[in-house]
Structures are given as C-alpha cells and as structure tokens.
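Student: So that we are looking at the same thing, I have put the structure below in structure tokens.
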Amino acid sequence: MFDFMKLFGDDPYERFRRGVAAHEQGRLDVAEREYERAIFLNPFVAQFHSNLGDLFHQQGKLEEAKDTLEEALRIDPKNAAIHNNYAVIMEELGKLDVAEKYFKRAIFLDPKYVHARVNLADLLRKRNEYAKAEIEYRNILDEHPDHTYARKGFAMMLKNAGRYDEAIRELLILLQQAPDDAHLHMFLAMTYHLCDRLTDAKGEYDTSLRLDPDNPVTHNNLASLLQDLNQIQEAEREYRAAIQIDPNYMLARENLARLLYKTNNENKSSRP
C-alpha cells in the first residue's frame, strides 16, 4: 500500500474521517476543506469524491456536485449509491431522461436498493407517467408495506391521476401509522375537497391546524374550502391568517384580493 505519510506527511483517510465528522456536525466549510485535502492526497478513492459531491449538493452547488460525482463514477462505475446520488442531481438540474437512466442503473446494480426504486417512482410520477410509477410503487409496497415515503408518493400519484377514493384509502393507512402528522391530514383534506366531500375536508383541515397552527398553506387551503361552503367571513379570516404567518405568501394574497373584489361587486349589485 502506498505510504502517503512518507510523501506528504499527511494521511488522506484521516483527512476524510475529519471531513465526515465535520459534515455530520454541520461544519460544512471545514468538511469541504478536509474532503478536498483527502482527494489531493489520494484522488483515486471514489468515496472521497462522493462525499464531497453530496456536500456540494447540500450547499446547492449543483454543477460542482455533478462534476464531483462524475469523477466518483469514473473511479467506481459499479457503485449503486453514487449512481442514485448522481441521478438526484440530474433531476434537480432538469435533466430528467438522464436522471431516469441513472436511477435504473443503480437498481440494476442493486435490485434491493429501495431508496433508488422510490426515487425512480417519484420521478415517473412527476413526469405524469402514472402507469409506470404505479408499478414501481406497488412493487415497493408489496415488499415493504410500512415504507411511509413510498406510500405517500403513491397516494400523491393517485390524487394527481384523479383516483381520489384510492388516494384516500392510502392516506388513511398512513394516518394509522402517524395520526399526528399534520401534513398528512392536510393532504387528506385536499383530496376530500377534490371529490366534493367538503365536510370531511373541513374536519381534516381543522385537525391539521390543531397539530400545526402556523402552516400558512393549510390556512389558505381551508379558506378556499370555506369559500366553497359560502362561509365568506371565515374564508377571509383564514386568508388573513395565512398572510400574517407568511407575508410573502403570494397565493394567499391573490386569493384574498379575489375574494374581496368579488364580495365588493356582489355588495354593489345588491344595493337598490
């Protein structure tokens, strides 16, 4: 084994371990320096490049992450995890065909790599390829029925495909596992709303806000439902609550403006 200590007076693996420790502690600038030093000392270890690429991704430096993970793949082209992580970067860069190819490569290299399989299913869902996504989600859930992230993605796919009753069934399964998940209650409320089960929708929004009263999206969505129930004053109150929580929440501002404009016109037309 090559003795880096003799040549540089430094050990790349010790540098890498320091980088990992700093990374785990959130000291990203220190982690970056240690990873780069490890790579300088020994540029032929794929994991060094992979960890640095993941760090760049965490920092939002997508192009640097892409280039670094490509080097990791050149060194270790049979590493399923690196293929998966590279695919995630490609997806975020908008290169969806490339992302799909690398998710599939990761799965080919490790057919039991559930994380890559879920990522592929999510990508297919986002591309509205619902039939393909459904196959992936069902295969995952057949093997891992308690995989909440996969079931949540499957429920979202069903909702987006207009299969509301099936989406509701999946969400109710998830809520049995996590009854205090405010986001799941909001998701279920949205789905009830879409299939005109307005009373059920309001109950779920109320539960979601009880669990997480400071979510502006839930207040906005509840306001929209209250409009459909012709509870105009209550709707206005919820839009204003959303804006108070997040003054930059433009959707709530636009919805409130439309509500006030409509109410004002109706009041004018009703005058003798």
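The values are calculated or read from the model by the stated rules, or taken from the named source; none is laboratory data. In this text, all values refer to a predicted model and were calculated from it rather than measured experimentally. In this analysis, Cβ positions are derived from the backbone assuming ideal geometry, glycine residues included, and neighbour counts consider all displayed protein chains.
Student: Has the stretch 223-230 got any residue that is hydroxyl-bearing (Ser, Thr, Tyr) and farther than 27 Å from Thr263 by Cα?
Tutor: Taking every residue of the stretch 223-230 in turn, none turns out to be hydroxyl-bearing (Ser, Thr, Tyr) and farther than 27 Å from Thr263 by Cα.
Student: For the stretch 118-148, how many residues meet the condition of being under 15 Å from Glu170 (Cα atoms) and among the charged types (D, E, K, R)?
Tutor: Adding up the residues that qualify gives 4.
Student: Confirm whether Glu63 is surrounded by fewer than 17 Cβ atoms within 10 Å (Cβ to Cβ) and under 15 Å from Tyr86 (Cβ atoms).
Tutor: Yes; evaluated as a whole, the condition is true for this residue.
Student: Still on this model: Say whether the condition of being under 29 Å from Asp29 (Cα atoms) and without any contact (Cβ under 8 Å) to a residue 12 or more places away in the chain is met by at least one residue in the stretch 76-93.
Tutor: Yes; the residues of the stretch 76-93 include at least one that is under 29 Å from Asp29 (Cα atoms) and without any contact (Cβ under 8 Å) to a residue 12 or more places away in the chain.
Student: Check whether at least one residue in the stretch 79-98 is part of a helix (DSSP H, G or I), at pLDDT 95 or above and more than 24 Å from the chain's Cα centre (by Cα), and report yes or no.
Tutor: Within the stretch 79-98 (the criterion being part of a helix (DSSP H, G or I), at pLDDT 95 or above and more than 24 Å from the chain's Cα centre (by Cα)), the answer is no, since none of the residues qualifies.
Student: For the stretch 198-217, what are the residues that are surrounded by 18 or more Cβ atoms within 10 Å (Cβ to Cβ) and within 17 Å of Leu171 (Cα to Cα)?
Tutor: Of everything in the stretch 198-217, those that are surrounded by 18 or more Cβ atoms within 10 Å (Cβ to Cβ) and within 17 Å of Leu171 (Cα to Cα) turn out to be Ala201, Lys202, Glu204, Tyr205, Thr207, Ser208.
Student: Can I ask one more? With respect to Asp10, is the statement that it is crowded, with 20+ Cβ neighbours inside 10 Å and of a type in the set (D, E, K, R) true?
Tutor: no
Student: Specify the residue that is surrounded by the fewest Cβ atoms within 10 Å (Cβ to Cβ); the eligible residues are those in the stretch 114-143 that are charged (D, E, K, R) and within 15 Å of Lys159 (Cβ to Cβ).
Tutor: Restricting to residues being charged (D, E, K, R) and within 15 Å of Lys159 (Cβ to Cβ), the top hit is Lys126.
Student: Given the conditions (1) in a helix (DSSP H, G or I); (2) more than 28 Å from Lys126 (Cβ to Cβ); (3) more than 24 Å from the chain's Cα centre (by Cα), and given that His23 satisfies all but one, which numbered condition is not satisfied?
Tutor: Of (1) in a helix (DSSP H, G or I); (2) more than 28 Å from Lys126 (Cβ to Cβ); (3) more than 24 Å from the chain's Cα centre (by Cα), only one is false for His23: (3).
Student: Considering only the stretch 113-231, give the helices (runs of 4 or more DSSP H) lying wholly within it that have at least 1 residues that are of a type in the set (Lys, Arg) and over 16 Å from the mean Cα position of the chain (by Cα).
Tutor: In the stretch 113-231, the matching helices (runs of 4 or more DSSP H) lie at 130-143, 148-160, 164-177, 198-211.
Student: Please state which of the following conditions Gln177 fails to meet, knowing it meets all the rest: (1) surrounded by fewer than 16 Cβ atoms within 10 Å (Cβ to Cβ); (2) at pLDDT 95 or above; (3) polar (S, T, N, Q).
Tutor: Of (1) surrounded by fewer than 16 Cβ atoms within 10 Å (Cβ to Cβ); (2) at pLDDT 95 or above; (3) polar (S, T, N, Q), only one is false for Gln177: (2).
Student: Determine, yes or no, whether Asp54 is assigned to a helix (DSSP H, G or I) and closer than 18 Å to Ala87 by Cβ.
Tutor: yes
Student: Continuing with the same structure: Give all pairs with beta carbons closer than 8 Å in which a residue from the stretch 110-138 that is more than 22 Å from Arg163 (Cβ to Cβ) meets a residue that is at pLDDT 95 or above and outside any helix (DSSP H, G or I); count only pairs at least 6 apart in sequence or on separate chains.
Tutor: If the second residue must be at pLDDT 95 or above and outside any helix (DSSP H, G or I), the pairs left are Val114/His144; Val114/His147; Ala116/Asp110.
Student: Pick from the stretch 233-272 the residues that are at pLDDT 95 or above and of a type in the set (Val, Ile, Thr): which of them is surrounded by the fewest Cβ atoms within 10 Å (Cβ to Cβ)?
Tutor: Ile245
Student: Let me ask something additional. Filter the stretch 82-112 down to the residues that are under 18 Å from Asn51 (Cβ atoms), of a type in the set (A, V, I, L, M) and out of contact with any His (no Cβ under 8 Å at 6 or more places or on another chain) and list them by number.
Tutor: The answer is Ile82, Ala87.
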